[in-house]
Amino acid sequence: MSSTSPRLSSSYLALRELFASRIAVLDGAMGSMIQTYKLEEPDFRGDRFRDHLHDLKGDNDLLCLTRPDVIGQIHRNYFEAGADIVETNTFNSTTISQADYHLEAVVPEVNRAAVRIAREAARAAEAATPGRRCFVAGAIGPLNRTLSMSPDVNRPEFRAVTWAQVVQAYTEQIRALVEAGADALLVETIFDTLNAKAALFAVEQVFDERGERLPVMISVTITDASGRTLSGQTVGAFYASIRHATPFSVGINCALGGRQMRPYIEELARIAECQVTCYPNAGLPNAFGGYDETPADMAAVLADFADAGFVNLVGGCCGSTPEHIRAIAAAVRSRPPRRLPDQPVHDLRLSGLEVLQVS
């Protein structure tokens, strides 16, 4: 790697200014919004993949190539609702995830198209409100393979994927996102910290190649009331594991609804030396797989987090809609952002499943 630190990108400086001025707003769900369009197999195939030998319905990222109008409209709706940042439709845009559909070869193209679609929506929103700045975050999902756990209960030592394979897959995605013009990178919905560390390693490789650093946003998922990730870490242990990457922000998203997230986002706000983000689901899934929290419900929860000084950015994950984001944006508009610590923490922090701090 390079011996000199990559310079900060212009988007890094602009986002730092935004976060210093107020609580920023992220978009809401992509997958559950796509479901509202009732798309069928021909929509996913388009003309280009008409003769592809594997079913493609459900490969939402592929819609960046076959139904860019749908993805663009969702981005535009979120910007119109008040989002400052939208995520690219690239949650599964790695060769490892796309192998399920035998579409590894189109991964770079999907990532580039996703950034282009989101960027066009950002430019349209900026043109509609002169002086407004809208951002595009390259979404980097957790993969459908894990480095920390065996998929075979009878072979605990077995892994379906290697570290090198994960780094290679993430590097290809990240390189395409950055080259296409993403303003930031969002490593999100992390359930396996080792996968996330591979993504962060890939991020640093790409930054060193280019000599420029984008904001790196990191968001973990707490799977249940145990307060741990799927690979077993507490919030404090997770933060200690990724702190070396000097992220622009760290936060929690997905699995829990906002009310259930409160003790964990409170802990993260206490220990994090960077910006803190929170974008929960619209409640926990009901018996029919839907989400019951209304825009007013989510807005009230995130406004409470803002009043408590926990957050610098808020938004929505599964089940949230542009109406949820509109209500959230209105609720936090007059509330100040969380203050970053005045002094860095120099204590040694070590982590396994839990954190050990040596003062």
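Table for the structure above
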{"read-out": "Sole exception among (1) in contact with a helix residue (DSSP H, G or I) (Cβ under 6 Å, 6 or more places away or on another chain); (2) under 18 Å from Ser231 (Cβ atoms) for Glu157, by number", "value": "(1)"}
{"read-out": "Selection count, the stretch 294-323, where residues are under 21 Å from Glu80 (Cα atoms) and part of a loop (DSSP other than H, G, I, E, B)", "value": "9"}
{"read-out": "Conditions (1) closer than 22 Å to Gln98 by Cα; (2) surrounded by fewer than 20 Cβ atoms within 10 Å (Cβ to Cβ): number failed by Ala196", "value": "(2)"}
{"read-out": "Test result for Thr321, among the polar types (S, T, N, Q) and surrounded by 14 or more Cβ atoms within 10 Å (Cβ to Cβ)", "value": "yes"}
{"read-out": "Cβ-Cβ under 9 Å pairs, at least 6 apart or on other chains, the stretch 242-269 side closer than 16 Å to Arg228 by Cβ and modelled with pLDDT of 95 or more, far side among the acidic types (Asp, Glu) and crowded, with 18+ Cβ neighbours inside 10 Å", "value": "Asn253/Glu188"}
{"read-out": "Output for the stretch 121-136, where each listed residue is of a type in the set (A, V, I, L, M, F, W, C) and outside any loop (DSSP other than H, G, I, E, B)", "value": "Ala121, Ala122, Ala124, Ala125, Ala127, Ala128, Phe135, Val136"}
{"read-out": "Enumeration of residues in the stretch 203-220 that are in a loop (DSSP other than H, G, I, E, B) and surrounded by fewer than 19 Cβ atoms within 10 Å (Cβ to Cβ)", "value": "Gly211"}
{"read-out": "Residues (touching a Leu at 6+ places or on another chain (Cβ under 7 Å) and modelled with pLDDT of 90 or more) located in the stretch 220-233", "value": "Ile222, Gln233"}
{"read-out": "Residue within the stretch 286-309 that is surrounded by 23 or more Cβ atoms within 10 Å (Cβ to Cβ) and under 16 Å from Ile190 (Cα atoms) present", "value": "no"}
{"read-out": "Residues of the stretch 35-76 that turn out to be in contact with a Lys or Arg (Cβ under 9 Å, 6 or more places away or on another chain), buried (at least 17 other Cβ atoms within 10 Å of the Cβ) and farther than 25 Å from Arg133 by Cβ, as a count", "value": "8"}
{"read-out": "From Arg119, Arg155, residue being closer than 22 Å to Ile71 by Cβ and basic (Lys, Arg)", "value": "Arg119"}
{"read-out": "Filter result for the condition that a residue is in contact (Cβ under 8 Å) with a residue 12 or more places away in the chain, surrounded by fewer than 22 Cβ atoms within 10 Å (Cβ to Cβ), on the phi < 0 side of the Ramachandran plot and small (Gly, Ala, Ser), over Gly236, Gly232", "value": "Gly236"}
{"read-out": "Some residue of the stretch 206-218 being farther than 28 Å from Glu267 by Cβ and under 17 Å from the mean Cα position of the chain (by Cα)", "value": "no"}
{"read-out": "Residues of the stretch 309-338 that turn out to be within 21 Å of Pro263 (Cα to Cα) and at pLDDT 95 or above, as a count", "value": "16"}
{"read-out": "Among residues of the stretch 143-194, those that are aromatic (Phe, Trp, Tyr) and modelled with pLDDT under 95, counted", "value": "2"}
{"read-out": "Selection within the stretch 146-197 - touching a strand residue (DSSP E or B) at 6+ places or on another chain (Cβ under 6 Å), among the charged types (D, E, K, R) and closer than 15 Å to Thr94 by Cα", "value": "Glu188"}
{"read-out": "Meets criteria (crowded, with 20+ Cβ neighbours inside 10 Å, assigned to a helix (DSSP H, G or I), aliphatic (A, V, I, L, M) and in contact (Cβ under 8 Å) with a residue 12 or more places away in the chain) for Ala139", "value": "no"}
{"read-out": "Selection from the stretch 318-355 of residues that are touching a Leu at 6+ places or on another chain (Cβ under 9 Å) and either touching a residue at least 40 places away in the same chain (Cβ under 8 Å) or among the acidic types (Asp, Glu) (or both)", "value": "Ile325, Ile328, Val332, Pro337, Arg349, Leu350"}
{"read-out": "Helices (runs of 4 or more DSSP H) wholly inside the stretch 1-115 that include at least 1 residues being closer than 19 Å to Cys278 by Cα and touching a helix residue (DSSP H, G or I) at 6+ places or on another chain (Cβ under 9 Å)", "value": "31-35, 68-81"}
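Residue by residue, here is whether (1) of a type outside the set (Phe, Trp, Tyr); (2) on the phi < 0 side of the Ramachandran plot; (3) touching a residue at least 40 places away in the same chain (Cβ under 8 Å) holds:
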{"position": "Ser10", "(1), (2), (3)": "yes, yes, no"}
{"position": "Leu18", "(1), (2), (3)": "yes, yes, yes"}
{"position": "Lys38", "(1), (2), (3)": "yes, no, no"}
{"position": "Leu65", "(1), (2), (3)": "yes, yes, yes"}
{"position": "Val70", "(1), (2), (3)": "yes, yes, no"}
{"position": "Ala81", "(1), (2), (3)": "yes, yes, yes"}
{"position": "Thr94", "(1), (2), (3)": "yes, yes, yes"}
{"position": "Leu103", "(1), (2), (3)": "yes, yes, yes"}
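The values are calculated or read from the model by the stated rules, or taken from the named source; none is laboratory data. Computed from a predicted model, the values in this text were never measured in an experiment. So basically every Cβ, Gly included, is an ideal-geometry build from the backbone, and we count neighbours across all protein chains shown.
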